Each structure stands twice: as C-alpha cells, then as structure tokens.
1. Scan region 45-64 and give yes if some residue there is basic (Lys, Arg), more than 16 Å from ligand 1 (Cβ to nearest atom) and more than 26 Å from Arg149 (Cβ to Cβ), otherwise no.
2. Got a number for residues in region 221-247 being surrounded by fewer than 18 Cβ atoms within 10 Å (Cβ to Cβ) and either of a type in the set (Ser, Thr, Tyr) or within 24 Å of Gly29 (Cβ to Cβ) (or both)?
3. Which residues, taken from region 47-80, are farther than 25 Å from Thr253 by Cβ and among the charged types (D, E, K, R)?
4. Are there any pairs with C-beta distances below 7 angstrom linking a residue in region 17-46 that is more than 16 Å from Ala162 (Cβ to Cβ) and within 11 Å of ligand 2 (Cβ to nearest atom) to a residue that is part of a helix (DSSP H, G or I) and of a type outside the set (Ser, Thr, Tyr), with the two at least 6 apart or on different chains, and if so which?
5. Among the residues in region 134-144, are any open to solvent by 30 Å² or more (accessible area, probe 1.4 Å) and touching an Asp or Glu at 6+ places or on another chain (Cβ under 7 Å)?
6. Could you say which residue among Gly29, Gly46, Gly33 is in the same structural domain as Ile90 (by TED's automatic domain parsing) and touching a Leu at 6+ places or on another chain (Cβ under 7 Å)?
7. Would you confirm whether any residue within region 189-201 is surrounded by 14 or more Cβ atoms within 10 Å (Cβ to Cβ), closer than 18 Å to Trp63 by Cβ and in the same structural domain as Leu263 (by TED's automatic domain parsing)?
8. Of Leu281, Leu261, which residue is assigned by TED's automatic domain parsing to the domain that holds Cys220, touching a residue at least 40 places away in the same chain (Cβ under 8 Å) and not charged (D, E, K, R)?
Amino acid sequence: MNLEHLNALKELLSSSKKIAIIPHKNPDGDAIGSTLALWHYLINGGHNASIVSPNDFPKFLKWMPGADQILNFEKENTQSKSCINNADVIFTLDFNHLGRVGQMSGILESANATFVMIDHHQEPSDYAEIMYSDVTMSSTCEMVYSLLRKLGDTHSITSEMANCIYTGIMTDTGSFKFAATTSNTHRVVAELMDKGAEGTEIHHRIYDTNSPSRLHLLGCALKNMVILQEQQTAYITLSQEELDRYKYQKGDTEGFVNYGLTLDGIRFAVIFIENKEEGILKISFRSVGDFSVNDFARKHFNGGGHTNAAGGKSDDSIEDTILYFTSLLPQYMNQLQS
Ligand code: 5GP
Ligand code: MN
C-alpha cells in the first residue's frame with residue numbers, strides 16, 4: 001500500500017463513518033476472518049460498521065466472534081441494501097473484482113461510497129479509490145494485521161481480533177504449509193498468539209467438525225477421482241445427486257480438491273461440483289510448482305485466484321465440462337511436466 005493511499009485511509013477513518021465491509025460470495029475462513037477482524041477494529045474505534053456477506057457461510061466458521069452479526073444479503077436483503085446504500089466507506093476484502101459478489105455486484109457498482117480494497121489475489125481491477133493489494137501475502141488476514149501495523153494500531157488488537165486473523169491465515173495457508181507462508185506469516189502468528197489467539201482450539205473448531213455424511217461424501221469424491229498420470233493431473237466430480245445422497249451442507253466439500261495433490265507425481269488437481277440451483281458447476285483448481293491455475297481458470301473457466309489455488313465455473317454439464325477440460329490438457333503438457 002503506497003503512502004498516498006495509507007494517508008487517504010487515515011484521513012478517511014479520522015472521524016466516525018458509516019461503513020460496510022464485504023467479503024466475496026461463498027466466503028471462506030480468510031474472507032470471514034478478515035472482515036470480522038476489521039469490523040471489531042472499526043467498531044472499537046467508534047465507527048458504525050456492518051459486514052454484508054453475499055450469501056451464507058459454512059457452519060464451521062459460525063463460532064467466530066461477531067459471526068452472528070454478519071448480514072446475509074440473500075436472507076436479510078432490505079437491511080443489507082440499506083447498509084450499502086447509506087455507507088460512507090465500503091471495504092471489500094479477499095477479492096478484487098466486483099463479479100466475485102454475485103447478485104450484490106449491481107448495488108455495489110451504484111453505491112456512493114469511497115471504496116477500499118484489501119486483497120491478495122492476482123490482477124486487481126480498479127474500482128477502489130484506496131487499494132491495498134499484495135499478491136505475495138498468504139492471506140487477506142495477514143494483510144489486515146499488516147495494515148494495523150501501518151496504522152500504528154497493533155496495540156488495539158483484542159483477543160477476538162487475534163482469533164479471527166489467526167483463523168484466516170491458518171485456513172488460507174493450509175495450516176502454514178502452502179508456498180505463500182513466509183517468515184513474516186509466522187511472526188504475525190506468533191504475535192497473534194501473544195494477543196490471545198488460541199491456535200489449538202481454532203484448529204479443532206475448523207477441522208474437527210466432520211459429520212458422518214461429510215466423511216461419506218469424501219469417500220464418494222475419492223472414489224470418483226480420475227488420475228491422468230501422464231498429464232500429472234487428478235480430477236474429482238461430484239454431481240448434485242451425489243451431494244443430495246450424502247446430505248451436503250455448505251462447506252462440506254472444503255479441502256476435497258487437495259487430496260489429488262497428495263498423489264506422487266500429481267501437480268494439478270481439480271474438483272467439479274454441480275450446483276443445480278445455480279445451473280453451474282463450481283470448480284476448484286490447485287497446483288504445485290510453477291503451473292499457474294490462476295491463468296488456467298481465467299482463460300478457460302471464467303475464474304481466477306492465485307498461482308497455486310484458483311476457482312472458476314462452467315455452464316455445461318459435468319460430462320461436457322470434463323470433455324472440454326481434458327481437451328485443454330495437451331497444450332499444457334510442457335508446464336505440467338516441467
Ligand atoms: P476455492 O477453490 O477454494 O473456492 O478458491 C480458491 C481461490 O480462488 C480463492 O482464493 C478464491 O478466492 C479464488 N476463487 C474461487 N472461485 C473464483 C472465481 O470464480 N473467480 C475468481 N476470480 N476467483 C475465484
Ligand atoms: Mn484469501
């Protein structure tokens with residue numbers, strides 16, 4: 001974040017403001033953790049702030065301090081709209097183009113507020129007057145911590161905020177193991193623990209919440225996995241019928257895509273999940289090494305993300321999407337095998 005933007009933000013927050021904080025659609029641990037940490041900070045600083053999520057978020061994140069205050073745009077539509085329309089300032093966190101908020105994009109585009117972006121994804125668009133974009137960061141949560149340091153305000157981090165920030169760093173780094181985990185990430189985590197973040201408890205609340213049906217769905221996903229050894233690729237499909245059979249709940253498929261990468265020699269893993277209600281397949285892409293799934297998702301599946309983790313969608317059936325997907329692989333053989 002350059003000095004001009006930092007000073008503009010300081011000026012903006014120097015008097016009490018009406019603020020809306022927005023995570024991306026289908027928010028994950030980083031999106032919920034970062035918006036909640038910022039929300040606590042702004043509320044404690046005397047601002048009138050609310051978080052408006054485009055839709056619901058998984059049960060394993062509902063314990064987070066303040067999560068019960070988050071407005072769901074789909075369910076609390078009138079209140080959400082008035083929040084956005086009346087805001088002086090709108091913070092958008094953990095995404096960088098307005099297409100990532102689904103049905104909410106129109107109302108954000110016409111909002112009359114100063115936009116502040118805090119995000120670590122590649123290729124940000126330019127809707128925000130104040131931008132803090134850093135693709136080297138592990139997570140938006142690590143950026144919220146860095147921002148508070150830039151503002152000279154780390155002393156105001158409460159244990160609630162520390163728990164929120166820790167959660168987002170933990171989930172976005174695969175518990176501190178993905179390549180974006182730096183020595184700075186570990187230093188931030190250490191400071192968060194000093195401020196009251198309860199690492200073991202957070203780990204337990206996020207990861208030890210399996211239901212029998214989720215484990216059965218995982219079994220189904222692993223059975224469906226197709227391994228293309230030559231292309232060093234593994235992909236999983238889950239149809240709506242399979243999701244229904246195993247009583248799918250939001251968040252149940254979190255992490256399934258990563259199993260492909262645990263196979264020796266596999267560098268590209270994908271999961272295609274049917275969503276009949278939205279008439280799309282939601283796709284997650286993961287890679288190890290230099291093969292950019294951000295580029296792949298952007299180019300072929302109307303998505304994006306990071307070099308090693310990205311998402312996208314398809315309007316076609318599972319069968320047609322798989323045919324299309326596998327037809328693309330030959331042109332990436334060099335990158336996949338390098
Ligand atoms: P996931 O596969 O876990 O949903 O997402 C992986 C990464 O890609 C996350 O950082 C997420 O924000 C991003 N992402 C997921 N879906 C999309 C999408 O449809 N468009 C873009 N631009 N990014 C996505
Ligand atoms: Mn993130």
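1. yes
2. Result for region 221-247: 3.
3. Correct list: Glu76 only.
4. Partner pairs satisfying both residue conditions: Pro23/Ala31; Pro23/Ile32; His24/Ala31; His24/Arg100; His24/Val101.
5. No, the conditions are met nowhere in region 134-144.
6. Numbers: Gly46 fails: touching a Leu at 6+ places or on another chain (Cβ under 7 Å); Gly33 fails: touching a Leu at 6+ places or on another chain (Cβ under 7 Å).
Result of the check over Gly29, Gly46, Gly33: Gly29.
7. Among the residues of region 189-201, not one is surrounded by 14 or more Cβ atoms within 10 Å (Cβ to Cβ), closer than 18 Å to Trp63 by Cβ and in the same structural domain as Leu263 (by TED's automatic domain parsing), which makes the answer no.
8. On inspection, the qualifying residue turns out to be Leu281.
The values are calculated or read from the model by the stated rules, or taken from the named source; none is laboratory data. This is a predicted model, so every value here is computed, not measured. Glycine also receives a Cβ, built like all others from the backbone with ideal geometry; neighbour counts cover every protein chain displayed. SASA here: full protein model, heavy atoms, side chains in, ligands and nucleic acids out. Shrake-Rupley method; radii C 1.70, N 1.55, O 1.52, S 1.80 Å.
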